[in-house]
Structure formats: C-alpha cells, structure tokens
Amino acid sequence: MRQEDMMDMGNEDFAKMLEEHESQRSESRVIDGVIVEIQDNERVLVDVGQKQEGILSINEIKDSEGNLIYKPGDTIKVLVSGFRNERPIISHKKALAKEKIKEFIEAHKEDFEDLVIEGKIVGKNRGGYIVENDEGVQFFLPNSQSFFKTKPENGRKVTAKVIKISPQNDSIVISRKKFIQEASQKRREIIEELLKEDKVVEGTVKKITNYGMFVEVAPNVEGLVHYNEISYKGPVNPAKYFQEGDKVNVKAIDYNKEKNRLSLSIKATQPDPWKEIEGELEPGDVINVTISNIEPYGAFVDLGNDIEGLLHISEMSWEKKPKHPKEYVQEGQQLDVEVIEIDTENRKLRVSLKNLLPKPFEEFLSKYKEGDIVEGEITSLTDFGAFVKIGNVEGLLHNQDISWQKGQKAKDIFNVGDKVEVKIAKIDKEKERISLDRKALQESPIEKYAKEHKVGDIVKGKVKDIKDFGVFISLDENVDALIRNEDLAPLKKEELNKDDEIEGVIVHLDPKNNRIRVSVRRLQRLKEQEALKQINNEEETTTLGEIIKEKLDK
C-alpha cells in the first residue's frame, strides 16, 4: 500500500483496522499460572487450569543477568492468546506488558487527549505498528496514523499523541500524524507571534555548526542564527563564543514558509553600535583597540563594543616589504591606532599603526648626514645594484659605486644578509632616496698610480677607446688616461686602432676625481727642446735643421 493511500485512508478503514487490532487483544486473557516443571533448562511447563499446560521459553523467567526469577511451584502471570496443537499459547512477558497497559489506561483514561508519548517500534501487525515506551507500555500505531515516508525498522524512535484508550480491550491507540500536524501548526503560530510582536525571547543553543547555530525558542521550535547574525563585528565562529545548552536572547527576523525555516538573530537584540559611534569617530582620531584575529593580509581589531576594524599589513610598518602580521602584533594585544577611514553605512573601519610610529626617513635624517660612513645589511640584489638597510630605511648601492674594478656587479659579490660598510653619498629629502658608495672607502687605482707617477712623466699606453673628443689609453690595470684631440698631434686619430701603443707625457693627474690626461703634442715639444739643447752643445758644424731632424727620427 502506498504511503499516500495510508494517509488518505477513510474513517471506515481505520475503524476496521482498529477493530481487528482490538479483537486480537480481546481474545487474549491474563491468568495466574503455576510453574510445573523446568525442562532441560530450556522450557518451562505452566499449569493454566482445566488440566492444560502451556510452554514458556526459560528466558521469560530470567532477569537481565540470566538468573532464574521463579522455581517450580511458583505462581506467575501469563497471557493466554490462543492454542497451537491443542496446547495453550502463553507468555509471561506479554502478561506483564498487558498489566502495564491496564495501569496506564487507569491512570490516563480521563485526561489522555493532550498526552504525548515517546517510544520505539518493537513489532508490526496487519494494521500497523507496536510501539513500546521506556516503562514497557505498548501502544498501537495504525498505518494511517504513522506518517512514515519509508517503512521503518524495529527500534526506530517514535513520538506520537494518544488518540484513543479502550479499557474494555486493554488497548491504547496513538497517532504520529496528529502529533506532527499539531506540532507543525503550533510551531507556525509561535513563529507568527514572534515575527508579529518583534520581541526578544530566550532560547537554548541546541546545535553548533560552521555556518551558525540552532536555537530552540519553544518546544519543538528551532531557528538558525546565521554566523552573520551573531555579532555586529560580521561573520564570527559561533563555537568560539557559545556551547550547546547555553541560554541566549534572540529575535525572529524571517520565516521561509516554503522551506519551513525560521531565521533568528542575536545581534538584533542589541543596539547597533555603528549608529552609536556615528559622528563620534573621525579619520585622524587615535583609539585603543584589542587585536582579535590575525590573517595573512592583516589583523582585525576590536573596539570593545562589537565593532571590528581592519589593520591592514601595509598599515603595520613603514617597511616597504612588510613581514607576516604576527611579526608586529599578537592576538589579545592592546594598542593605540589611528582611524584612517570610517564608513558607518557600510560598516567599515580601517586603522593604522604605522601612522603613530616614527617615520623611518625622518628618523634617519636625525641620525645621519651625507659623508657619514655606516654599516648596513644587504636586503635585495638587482641587475643595477644592491639595496642596503641602514636603520629602518634602505639606500641604493649602484654597481658603479661598488668597486674601482670596472664591470663588477653587486649580485656577483654579495648575498642577501651580508654586512657592508658604505659611505652616504647623497640624500634626496624630497624623494626620500639615499645613494650609497662603497668604492669611496677604497684606494682608487689612480691614487695608487699617483704614488709612483707625477705630471711630466713620460708614459706609454694602449688605445682602449676612440671618442669624438679624443682617445682613451690604458696605462695600467684599471688606470685609463685621456688624450684630447688637440693633444694627439702629430698623430692622426683616423689612423689609430685599438691596442695601438702611444707614448705621451702626463699633463694632468687628479686622483680625487679619478682623472689623468696625457699629451703626445707636449711630448713632441719636449723632444724638440731636448734636441735644441744638444745642438747648442754640439762641437761639430752641422746645420740646425739636420740636428733637429736627427733627434726627431730617434
């Protein structure tokens, strides 16, 4: 039979089933029997009168620990429910159950209309189910009153309403259908009253989930407090604040009739703190807060009145590459912060910690100046140089300022974390930039070269580079000199090639500015002067032109 058919069954069919059930029970009778014999520790023969003996299973006269309760000769109650092979069918346990039914009927025959029982299914007959409560009282649940969507198994728990008591037949009829319908109707009435009156009621936390918690506001009336409706802070983990069994004040805020879902709110029972602070807080105000939660992108701060604000990682420190928020703050820590944005309409609050901290560049200016020699730490390496941390700021050490060795790059000689001594070469206060110099602390190749050479020395070098304004020659390792175009004569620049050797005289030597100039033309003049000096000392009669030519050809 389909469930729909059972639920739509008319009064005539129900009456017929009930009659069959009661007639089955009326055929049974409880009498006193006498134990005649216990056979093979399995069967018990009981005299039920009229020279008739019924058979009981020995388990019916044992206690929960397996001990015999009765012995031969004892009188016990048995239920006679018919005959099999001309022998009475008897049961001691059923007799006790029937006695309990009688006691229940006697106690509730006048006031059973609102009686609700709880039990579990222990059997089934043609018309419905046998339900037994914890006291051992059995009830009849007709199919049409069961309201089951699927066929239940023995042991299933049932809550139902008593709809009929029959003292004549020792039967109690219950209806799960009526209980559910009345409970549902009462639930709707309670919910409508809660929504209509908009009142605060006390409820009990029944179940906590990751999306909220279920709160019972009346018997069999539960609603969901979504995690967004717990606090004005926003979504919170209910398990962090509540336990099952806690009493909480709630207010009904919505009811979905289609899904039969009641929505409750805890925060709706309290004044809106965002409205309370409207006009009281402004950007620039300094407030004391407590760190309530830390995330990789920042920390949430609690103002102490169910308002939370965000302290973003970028507002925790002046460092350009901030660390994890846990490096700056800890949960539960109290600290002062500055309000940088407040939007009460959208319930947003942003605060800053770094605005209350000394600005690193200003702190740097108070301690250092251009020309100072300091020790710093390499924080990062790039293709163009290295960033060096000095105090709480970073300066740039460009590749060209690392060493006098040309072509050397920071990433080839340093590692992040290395300590390095540098000179503060330049401070750009407007752009907050610091330029550093390492080679200024080293002896330059020209300074070393100047210890062994001076202006007027005749030197030789190889052509290294040819420019529009002159020619660079290499005099020594990392020591280059410039020969200007006007100092090349009698050499012709267009006839020169790289690595050609040129001889000249040093005409300018400036180690501080790392500059050397050489002149071929000046060397030519020196040679001419030396030749003239020798001519004046010559005793042979030779023309002046021949002597000069001879000297120049050497």
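The values are calculated or read from the model by the stated rules, or taken from the named source; none is laboratory data. Source: prediction; values computed, not measured. Don't worry about glycine lacking a Cβ; one is built from the backbone with ideal geometry, like all the others, and counts go over all protein chains shown.
Condition check for ARG350 on (1) in contact with an Asp or Glu (Cβ under 9 Å, 6 or more places away or on another chain); (2) of a type in the set (Lys, Arg); (3) under 30 Å from GLU447 (Cα atoms): one failure, at (3). In summary, strands (runs of 3 or more DSSP E) completely within region 114-213 and bearing 3 or more residues that are of a type in the set (D, E, K, R) and surrounded by fewer than 18 Cβ atoms within 10 Å (Cβ to Cβ) occur at 116-124, 200-209.
Could you tell me which residue of region 351-378 is farthest from LYS411 (Cα to Cα), considering only residues that are surrounded by 16 or more Cβ atoms within 10 Å (Cβ to Cβ) and in contact with a Lys or Arg (Cβ under 9 Å, 6 or more places away or on another chain)? Quick ask: steps written out before the conclusion?
Within region 351-378, the first condition is being surrounded by 16 or more Cβ atoms within 10 Å (Cβ to Cβ), and the residues that meet it are 351-354, 360-361, 364, 368, 374, 376, 378.
Filter again for in contact with a Lys or Arg (Cβ under 9 Å, 6 or more places away or on another chain), leaving 361, 374, 376, 378.
Numbers: PHE361: 26, VAL374: 21, GLY376: 16, ILE378: 10 Å.
Ranking the candidates gives PHE361 first.
Out of all the residues in region 466-487, is one or more surrounded by 18 or more Cβ atoms within 10 Å (Cβ to Cβ), out of contact with any strand residue (DSSP E or B) (no Cβ under 6 Å at 6 or more places or on another chain), under 26 Å from GLU530 (Cα atoms) and not charged (D, E, K, R)? No, region 466-487 has no match at all. Scanning region 264-291 for residues being surrounded by 13 or more Cβ atoms within 10 Å (Cβ to Cβ) and in contact (Cβ under 8 Å) with a residue 40 or more places away in the chain gives a total of 14. Among all residue pairs at least 6 apart or on different chains, which show Cβ distances below 7 Å where the first residue, located in region 487-508, is over 14 Å from ARG525 (Cβ atoms) and the second is of a type in the set (S, T, N, Q)? Listed by first residue and then by second, the contacts come to LYS493/ASN485. May I ask you to verify whether VAL250 is outside the structural domain of ASN305 (by TED's automatic domain parsing) and over 27 Å from ASP343 (Cβ atoms)? In short, yes. The residues on offer are LYS460, LYS467, LYS426, and the sole one that is of a type in the set (Lys, Arg) and closer than 30 Å to GLU363 by Cβ is LYS426. Looking only at residues of region 505-521 that are surrounded by fewer than 16 Cβ atoms within 10 Å (Cβ to Cβ) and basic (Lys, Arg), we find that the one that is modelled with the lowest pLDDT is LYS512. Taken over region 451-497, the residue count meeting the criterion of being of a type in the set (Asp, Glu) and over 18 Å from LYS406 (Cα atoms) is 7.
Each row is one residue, and each column tells you yes or no for (1) closer than 16 Å to ASP114 by Cβ; (2) touching a residue at least 24 places away in the same chain (Cβ under 8 Å).
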{"residue": "GLY155", "(1), (2)": "no, yes"}
{"residue": "PRO167", "(1), (2)": "no, yes"}
{"residue": "VAL173", "(1), (2)": "yes, yes"}
{"residue": "PHE179", "(1), (2)": "yes, yes"}
{"residue": "GLU182", "(1), (2)": "yes, no"}
{"residue": "GLU202", "(1), (2)": "no, yes"}
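Among the residues of region 380-422, those identified as in a loop (DSSP other than H, G, I, E, B) and charged (D, E, K, R) are ASP383, LYS406, LYS409, ASP418.
Conditions tested, residue by residue: (1) touching a Pro at 6+ places or on another chain (Cβ under 9 Å); (2) at pLDDT 95 or above; (3) not small (Gly, Ala, Ser).
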residue	(1), (2), (3)
ARG261	no, no, yes
ALA268	no, no, no
ASP272	no, no, yes
GLU276	no, no, yes
GLY284	no, no, no
GLY304	no, no, no
GLY309	no, no, no
TYR328	yes, no, yes
GLN334	no, no, yes
